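Visitor: Can you keep this structure in mind? I'll have questions shortly.
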């Protein structure tokens, strides 16, 4: 059970305080409610590029990292389809440096041509390093547009193509900042040996004077129900064939999410899972296979992905996946198996909470989904899942007409 | 409300000296040493059982890591599926790791599950079955991973670097090729296991919620004598380092992977702590000179880092990055420029102070809580000072002068003495 306090500044900035007197480290996590889904389709990759620019200097502080490192701190950030998240840790006695740094870049960025030019190049190298210049790197660049036809989830956080990043202008950057980087579009969590009154004082001093921006109303085109099975086969210069099969499922904030998350564990998390036992150990069709849910804020994907052993026909392998998955829609689950995945998920939550930074992040993410206390309720939500719900969701999700299969075939096989 | 002064950084406070406690050490009746980092604030237990059984000890390539990974795949009494199901049922994890010098099993579990899980862990360690069918699956998985990695420029560079920094024929420099997977047999694993997996060759580290019930379970399952062989013999590592620039062509590669470096001093060397400072300034953190120059000023790369890799019998220093194909030469020139600058100009006071503070904060984070402490302790196993090693290192970090660092840079960072590996497409 994570204890916390909450307050909101007059400009709309929400604060969460988690008190932990046992650690000399303080964690600050700031979430801006903007992700790749908020981009327009001809300017993809922008939210992530923008994350890089947030380190290029703010109105009063030429370099973000230097003063933080001088205070003994460290930071990083990530962007996904839904959010952009910044986090730092530093010795608690230097907490004010964290407020100074983060409030200044929320107040105003420096917007330098040089910083934009360099970070465009850095992101292009990131694109090459992670997506283009390594085996299997472009799988998600293929799978997302296969599964989504209207929703912005059809492109990846890194962007559809390198040219979108290369074309970003300083005016685009200014507009993006003005629209999304406002106190009323952010959540700050402070965790460590610090009290709520102390945080209130610092929050008011540093973040209080930042003016609120226009309310950010999100109107995203939603994905229509998929009515036909989709398949894509590509041939690539890789040593082994991979299969990805993705079904549409509910959004993260819905109750059925917990059922599907558990289904993904019992099908394909670890070596005791059904897919591993059947297709790796027994039938020896795959060398590895996993299942997971994307966990997006809007309706997401349930994914099974596996690497085939040499000389296995990929279409037969897909049939084999189907048979294991479909068993859940025809046969009721045994209690022991359900208890196993529940125990695992609940203990994983407990292990995650050992890290102060994880606690700060989880409280922030939960608040962004509607209520920081959601995180404390997670074990209860998972416990409520039963065999009937599993049966129901399996029937709802695992329909062939709802599926998207990518066969990423090794050229020389 | 007071208006904040946004133009200057709020005053910094000196970080209190770190209080790093030594673990409680006991010796079991069989001679097995146990180090414990106890905490009342947690429900979980971390247990590491470490053997001196790294890749440097194997007489056949791949034997050490495969033996270690096979521990999960079945015992004489229980199948791999049973082990995995039981661990999952108790919400527990087992990680298996092999390095050049050691291998270990780490169990992470809730305190209440420990008495139920330790019998199974003991069985995995003492009586692995190495069944041919399970071995074939694991071996082919590892072979496939190897083949995929062999296509990644970074991995190719790393492997070549390792071979050429230590010498391909030495215990540390040996590296497998794809055909070695076909030469490995289950009897190699059984042999490796019988030589190295015994109580005389092991160390136990516990962290977290260690109470009487946990200690009793440990005593019940690990204080007996098992395995027949004695303590592992010392590895004879006599490194033969190559120098110069070595290109491996990878046609069509959009980026070049660069790895350069040289042999370095081991942890117990008097210059080691100073060298940590030098490494940090050069490429050991996000604000480093290499990162500032090659990423943040030139945009040649997504990231560039340097590090010191200390082992029991030798060590190396290395810089690694992946850069755009067209700027490979320019990036190499900039790396040389930064190394030479470190050898010719004293580090400015301001930068030195920043790095001191950064490193102190980084030790503070790295040593926060019992699980982190136990992990740090494992990384210095064999260093006689124990956790005092970190206090002493921090003292040097706080006091070493710019002039002393200049001397170290001249002594240890001559680019002429370094090995450079580049994997990518050479453009003229």
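Quick note: the coordinates plus some simple rules give every number you see, no bench work behind them. Predicted model, so just to flag it, every value in this text is computed and none were measured. Backbone-built Cβ (ideal geometry, glycine too); neighbour counts: all protein chains shown.
Visitor: Given just the C-alpha atoms of region B:1-131, how large is their convex hull per residue in cubic angstrom?
Guide: Values: hull volume 32.3 nm³, N = 131.
Each residue corresponds to 246 Å³ of Cα convex hull volume.
Visitor: Find the all-direction average of the projected area of the Cα convex hull for chain A, expressing the result in square nanometres with one decimal place. Before the final figure, lay out the partial values.
Guide: Values: hull surface 81.4 nm².
Across all orientations, chain A yields a mean hull projection of 20.3 nm².
Visitor: OK, next. Using a simple spin-label model with points 7 Å from Cα along the Cα→Cβ vector, what separation in nm is obtained for residue B:223 and residue B:349?
Guide: 5.8 nm
Visitor: Based on alpha-carbon atoms only, what is the radius of gyration of region A:230-302 relative to the globular estimate 2.2 N^0.38 Å? Mind dumping the intermediate values first?
Guide: Numbers: Rg = 14.2 Å, N = 73, 2.2 N^0.38 = 11.2 Å.
Cα Rg divided by the expected 2.2 N^0.38 Å: 1.26.
Visitor: Something else: Show me B:170-181, B:57-68 ranked by packing, highest mean number of other Cβ atoms within 10 Å first. Working shown, then result.
Guide: Numbers: B:170-181: 17.2, B:57-68: 21.6.
Top of the packing list down: B:57-68, B:170-181.
Visitor: Next question. Determine the shielding of peptide A:179-189 by partner chains: average, over its residues, the number of Cβ atoms on other chains within 10 angstrom of each Cβ. Please list the in-between numbers first.
Guide: Working: counts 0, 0, 0, 0, 0, 0, 0, 0, 0, 0, 0.
Taking all residues of A:179-189 together, the mean is 0.
Visitor: Which of the three applies to region B:24-222, rounded, prolate or oblate, going by the alpha-carbon gyration tensor with a ≥ b ≥ c and a/c under 1.5 meaning rounded? Spell out each step's value before the answer.
Guide: On the way: a/c = 1.92, a/b = 1.65, b/c = 1.16.
Prolate, because a/c is 1.5 or more and a/b exceeds b/c.
Visitor: Indicate the gyration tensor shape class of chain B (rounded, prolate or oblate), computed on the Cα atoms with a ≥ b ≥ c the square roots of the eigenvalues: a/c under 1.5 is rounded; otherwise a/b larger than b/c is prolate and the rest oblate.
Guide: On the way: a/c = 1.95, a/b = 1.30, b/c = 1.50.
The shape class here is oblate.
Visitor: Now for a different question. Using a Gaussian network model of chain A whose springs link C-alpha atoms within less than 10 Å, name the residue from A:109, A:267, A:369 with the highest mean-square fluctuation.
Guide: So, out of A:109, A:267, A:369, the one fluctuating most is A:369.
Visitor: Evaluate E = 1/(1 + (r/R0)^6) for residue B:183 and residue B:395, where r is the Cβ-Cβ distance and R0 equals 51 Å; express this FRET efficiency to the nearest 0.05.
Guide: On the way: r = 49 Å, r/R0 = 0.97.
E(calc), rounded to 0.05, equals 0.55.
Visitor: Across the residues of B:30-43, average count of Cβ atoms on other protein chains within 10 Å?
Guide: Working: counts 0, 0, 0, 0, 0, 0, 0, 0, 0, 1, 1, 4, 5, 5.
That average works out to 1.
Visitor: Still on this structure, I have one more. What is the spin-label model distance, in nm, from residue A:348 to residue B:385 if the labels are put 7 Å beyond Cα along the C-beta direction?
Guide: Result: 4.0 nm between the two label points.
Visitor: Then there's this: Gain in length, residue B:427 to residue B:82, computed as 0.36 nm per residue apart minus the alpha-carbon separation, to one decimal in nm?
Guide: On the way: separation 345, 0.36 × 345 = 124.20 nm, distance 5.42 nm.
Additional length available on full extension: 118.8 nm.
Visitor: Can you say what percent of the DSSP beta bridges in chain B, counting only those with both residues inside, are antiparallel? Round to 5.
Guide: Bridges in chain B that DSSP calls antiparallel: roughly 80 percent.
Visitor: Across the Cα atoms of region B:93-202, what radius of gyration and what greatest pairwise Cα-Cα distance (Dmax) are found, in Å?
Guide: Here Rg and the maximum Cα pair distance are 16.8, 49 Å.
Visitor: Shifting gears a bit: Treat region B:174-253 as a sphere of radius equal to its Kirkwood radius over Cα pairs and apply Stokes-Einstein at 37 °C in a medium of 0.692 mPa s; give the translational diffusion coefficient in µm²/s, rounded to a whole number. Walk me through the numbers on the way to the answer.
Guide: Working: Rh = 18.0 Å.
For these conditions, the coefficient is 183 µm²/s.
Visitor: Rounded, prolate or oblate: pick one for region B:315-372, where a ≥ b ≥ c are the square roots of the eigenvalues of its C-alpha gyration tensor, a/c under 1.5 means rounded, and failing that, prolate if a/b is larger than b/c, else oblate.
Guide: The shape class here is oblate.
Visitor: Round to the nearest 10 and give me the degree value, 0 to 90, for the angle of helix A:314-330's Cα axis relative to the longest principal axis of chain A.
Guide: The answer is roughly 80 degrees.
Visitor: OK, next. Where does the protein assembly as shown land at 222 nm, in deg cm²/dmol rounded to the nearest 500, when only DSSP H runs of n ≥ 4 count, each adding -39500 (n - 2.57), divided by all residues?
Guide: On the way: 28 runs with 327 residues, N = 841.
Helix-only estimate at 222 nm: -12000 deg cm²/dmol.
Visitor: If you don't mind, there's one more thing I want to ask. Once the Cα gyration tensor of region A:230-410 is diagonalised, what are the square roots of 5 times its eigenvalues, in whole Å and ordered largest first, as equivalent ellipsoid semi-axes? Display every interim value, and only then the final one.
Guide: Values: eigenvalues 174, 65, 53 Å².
Value: 30, 18, 16 Å, ordered largest first.
Visitor: For region B:349-418, state the semi-axes of the equivalent ellipsoid (square roots of 5 times the eigenvalues of the alpha-carbon gyration tensor), sorted largest first and rounded to whole angstrom.
Guide: Details: eigenvalues 138, 56, 24 Å².
Rounded to whole Å, the semi-axes are 26, 17, 11.
Visitor: Could you work out how much longer the chain between residue B:417 and residue B:133 gets when fully extended? Use 0.36 nm per residue separation minus the Cα distance between them, nm to one decimal. Working shown, then result.
Guide: Details: separation 284, 0.36 × 284 = 102.24 nm, distance 4.81 nm.
Full extension of this stretch gives 97.4 nm more.
Visitor: Counting only DSSP beta bridges with both residues in the protein assembly as shown, what percent are antiparallel, rounded to the nearest 5? Before the final figure, lay out the partial values.
Guide: On the way: 94 of 119 bridges.
Taking every DSSP beta bridge with both residues in the protein assembly as shown, the antiparallel ones total about 80 percent.
Visitor: Right, next: If I histogram all Cα-Cα distances within the protein assembly as shown using bins 20 Å wide from 0, what percent of pairs lands in each bin?
Guide: In order of increasing distance, the bins hold 14, 46, 38, 3 percent.
Visitor: In degrees between 0 and 90, to the nearest 10, how far off the longest principal axis of chain A does helix A:170-180 point, with axes built from Cα atoms?
Guide: Approximately 90 degrees, to the nearest 10.
Visitor: Evaluate peptide A:259-272: per residue, the Cβ atoms of other protein chains within 10 Å of its Cβ; return the mean as an integer.
Guide: Numbers: counts 0, 0, 0, 0, 0, 0, 1, 1, 0, 0, 1, 5, 9, 10.
So the per-residue partner count for this stretch is 2.
Visitor: Considering only DSSP beta bridges where both residues belong to region B:24-222, give the percentage that are antiparallel (nearest 5). Could the numbers behind the result be given before it?
Guide: Working: 27 of 33 bridges.
Roughly 80 percent of the DSSP beta bridges within region B:24-222 come out antiparallel.
Visitor: Find the percent of Cα-Cα distances in region A:5-206 that exceed 26 Å, and round it to a whole number.
Guide: Numbers: 7631 of 20301 pairs.
Here the tail beyond 26 Å accounts for 38 percent of pairs.
Visitor: If you don't mind, there's one more thing I want to ask. For chain B, find the longest principal axis of its Cα atoms and tell me its angle to the long axis of helix B:114-126, 0 to 90°, nearest 10.
Guide: 90 degrees
Visitor: Could you give the Stokes-Einstein D for region B:244-424 in µm² per second, using the C-alpha Kirkwood radius, 37 °C, 0.692 mPa s? Can you show the working numbers first?
Guide: On the way: Rh = 17.3 Å.
Result for D is 190 µm²/s.
Visitor: While we're on this one: Can you work out the FRET efficiency for the pair residue A:334 and residue B:33, with r the C-beta to C-beta distance and R0 = 45 Å, to the nearest 0.05?
Guide: Efficiency at R0 = 45 Å is approximately 0.55.
Visitor: Give the distance, in whole Å, between the Cα centre of region B:361-393 and the Cα centre of region A:205-229.
Guide: 44 Å
Visitor: Let me ask you something else. Starting from 0.36 nm per residue, how many nanometres of slack lie between residue A:166 and residue A:237 once their C-alpha separation is accounted for? Walk me through the intermediate numbers first.
Guide: Details: separation 71, 0.36 × 71 = 25.56 nm, distance 2.72 nm.
So the extension gain works out to 22.8 nm.
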